[in-house]
């Protein structure tokens, strides 16, 4: 009678656990890692490699979130624009590091991330300082934490992204005033005689973002054909203005100007040249305007996008108009274009959205109005064909 010998597993070699079809969890001491393997034998092969890495110190167990964030920022620096890097650094320093930065990654849990989001508050130099942040800003904080931890999983510093277990706050819907034709007239009247006299109607007639308006050069505008090319945008980086390419390819676009904007820019160009001649000389003025910025301050300086918004807000308050923000003129362009019967695809292209889906999400309420109007128009058009048939059926 043969005796069956039981094979003993050697100590200190780790273990595996099947977590689903083709999914395995590798365990060794305090370290874990999720892997994909077709068979148990393949999973054990991956385990051996995993154990070797841990033994050689390739998987640090006491890395803090701060250290992982620093490594992530350094690794992704070349892949992102300088303004994006600056924004991420500000969010990290103001909101994330003070709360979870010192926590070792092995100890980081979902409740830590929830506490971070629940306690996030405004730290700007405004009247809102100390107030809870809005849902959109809080969601952006969570997106960055998730991105850092996802990179940590990819680089095998950690085995799990605990931030994925945290639900983002629901997006808040703030009811903004809808811009009507009467509002446009009131805005244009209010801007007359101010530094915003040319820029406000251009914003309403084109839907350009404020950074795109600040970066617009005369070489981008063809007044003979009535076309405009959006190739650049202005942004703030460390308190300084920088001119850069728009964030997406779709944001780089060419569009046709409404006639009233084209006529206005013709007059504006003449007035700008005369103003520059008063400040310098005729020759220097022509040189500066040749490929200079379309919109300048009275001092001859380039517009700062933040200052543009501040001047617009002051104008709104001084003239006691509905509380529009500068960006609301972009929304106003879209809503007025929809009301005029312009297609969703055309509006999306004019706005420089990366896809028509974004436009439909932002202006779903306007699309609903169009659908109701379509139903009413169709009903009236088919009335003679449908109503007699229905009446005859009811009479019989």
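The values are calculated or read from the model by the stated rules, or taken from the named source; none is laboratory data. Note that the coordinates shown come from a computational prediction; the quantities given were computed from them, not determined experimentally. Neighbour counts run over all protein chains shown; Cβ positions are idealised from the backbone, glycine included.
Which residues, counting only those in the stretch 336-357, are within 21 Å of the chain's Cα centre (by Cα), within 17 Å of residue 257 (Cα to Cα) and buried (at least 18 other Cβ atoms within 10 Å of the Cβ)? Result: 347, 348, 350, 351, 352. Confirm whether residue 215 is within 23 Å of residue 340 (Cβ to Cβ), within 21 Å of the chain's Cα centre (by Cα) and either outside the structural domain of residue 291 (by TED's automatic domain parsing) or modelled with pLDDT of 95 or more (or both). No; evaluated as a whole, the condition is false for this residue.
Among the numbered conditions (1) buried (at least 17 other Cβ atoms within 10 Å of the Cβ); (2) touching a residue at least 24 places away in the same chain (Cβ under 8 Å); (3) touching a helix residue (DSSP H, G or I) at 6+ places or on another chain (Cβ under 6 Å); (4) closer than 20 Å to residue 86 by Cα, the only one that residue 237 does not meet is (1). Of the residues making up the stretch 348-381, those that are in a helix (DSSP H, G or I) and either at pLDDT 75 or above or in contact with a helix residue (DSSP H, G or I) (Cβ under 7 Å, 6 or more places away or on another chain) (or both) are 348, 349, 350, 351, 356, 357, 358, 359, 360, 366, 367, 370. Would the stretch 279-296 turn up any residue that is in a strand (DSSP E or B) and either under 30 Å from the mean Cα position of the chain (by Cα) or crowded, with 17+ Cβ neighbours inside 10 Å (or both)? Yes, that holds for at least one residue. The condition of being modelled with pLDDT of 90 or more, surrounded by fewer than 19 Cβ atoms within 10 Å (Cβ to Cβ), touching a helix residue (DSSP H, G or I) at 6+ places or on another chain (Cβ under 9 Å) and assigned by TED's automatic domain parsing to the domain that holds residue 228 holds for residue 325. Only one of the listed residues (228, 242) is within 18 Å of residue 198 (Cα to Cα) and either in the same structural domain as residue 197 (by TED's automatic domain parsing) or in contact (Cβ under 8 Å) with a residue 40 or more places away in the chain (or both). That residue is 228. Of all residues in the stretch 28-58, those being within 17 Å of residue 105 (Cβ to Cβ) and either at pLDDT 85 or above or in a strand (DSSP E or B) (or both) number 5.
Let me spell it out: the conditions are (1) farther than 29 Å from residue 314 by Cα; (2) without any contact (Cβ under 8 Å) to a residue 12 or more places away in the chain, and residue 185 meets all of them except one. Which number is the exception? Unmet condition: (1).
Identify, from the list 142, 92, the residue that is surrounded by 12 or more Cβ atoms within 10 Å (Cβ to Cβ), closer than 17 Å to residue 64 by Cβ and in the same structural domain as residue 71 (by TED's automatic domain parsing). Matching residue, one of 142, 92: 92.
Return yes or no: is residue 260 touching a residue at least 24 places away in the same chain (Cβ under 8 Å), touching a helix residue (DSSP H, G or I) at 6+ places or on another chain (Cβ under 8 Å) and in a loop (DSSP other than H, G, I, E, B)? Considered against the rule, which asks whether it is touching a residue at least 24 places away in the same chain (Cβ under 8 Å), touching a helix residue (DSSP H, G or I) at 6+ places or on another chain (Cβ under 8 Å) and in a loop (DSSP other than H, G, I, E, B), residue 260 comes out as no.
Filter the stretch 248-275 for residues that are surrounded by 15 or more Cβ atoms within 10 Å (Cβ to Cβ) and in contact with a strand residue (DSSP E or B) (Cβ under 8 Å, 6 or more places away or on another chain); which is farthest from residue 228 (Cα to Cα)? So the residue we want is 272.
Does the stretch 62-84 hold any residues that are free of Cβ contacts under 8 Å to residues at least 40 places away in the same chain and in a loop (DSSP other than H, G, I, E, B), and which are they? The one that is free of Cβ contacts under 8 Å to residues at least 40 places away in the same chain and in a loop (DSSP other than H, G, I, E, B): 80.
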